[in-house]
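Laboratory data are not the source of any read-out in this text; all were calculated from the coordinates shown. Please read all numbers here as calculations on a predicted model, not as lab measurements. Don't worry about glycine lacking a Cβ; one is built from the backbone with ideal geometry, like all the others, and counts go over all protein chains shown.
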Amino acid sequence: MKTILVVEDTELNIDLISQLLEDDYNLLIARDGLQGVEMALKNKPDLILMDISLPLLDGYAATRKIRETNRSTPIIGLSAHAMSGHEQSAKEAGCNDYLTKPLNDELLLSTLKEYLK
């Protein structure tokens, strides 16, 4: 079973993502950017779902930190900001892809399948 690290600080979003994915994936949850970086380096997940607005270290900074030592793990940025500048910033920080919240279940699942095949 593939492991996904979910870096998200909002309980409601953690619950929604967990309900959607827990049957098919092993989920690790980090509640801030620093914890996300630590868990990414320690647990070597197959994919990372990275919220952009996080306490302690935002998603951009956390992604850059992970990318210093790990270029290969797919990182998908998640944000409530739908403007194109945010997607560009996420990709420049090292995200492979970018999805906006509220998450579209079908799109999330197809994106995960694409990166985890």
Inset, instruction - Work the Kirkwood hydrodynamic radius out for region 1-51: mean of 1/r over every pair of different alpha-carbon atoms, inverted, in Å. - result: 10.7
Inset, instruction - Report the trypsin sites (Lys or Arg not before Pro) located in region 30-106 that are in a DSSP loop and have at most 16 other Cβ atoms inside 10 Å of their Cβ, or state none. - result: 71
Inset, instruction - Would you please name the chymotrypsin sites (Phe, Trp or Tyr not before Pro) within region 36-117 that are DSSP coil residues with at most 10 other C-beta atoms within 10 Å of their C-beta? - result: none
Legend entry - region 103-117 versus region 1-16: alpha-carbon centroid distance in Å: 14
Legend entry - Distance between modelled label sites at residue 84 and residue 56, nm, 7 Å Cα→Cβ extension: 3.6
Inset, instruction - Only helices at least 27 Å long along their axis, Cα-based, and averaging -1.0 or more on Kyte-Doolittle count here, so list those DSSP H runs from the chain. - result: none
Inset, instruction - Provide the gained length on full extension for the span residue 46 to residue 29, in nm with one decimal, where the gain is 0.36 nm per separating residue minus the Cα-Cα distance. - result: 4.8 nm
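Length gain on complete extension for the stretch residue 109 to residue 71, per 0.36 nm per residue less the alpha carbon to alpha carbon distance?
Result for the pair: 11.4 nm of gain on full extension.
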Legend entry - Relative contact order (percent, whole number), the chain, Cα cutoff 8 Å, 6+ residue spacing: 23
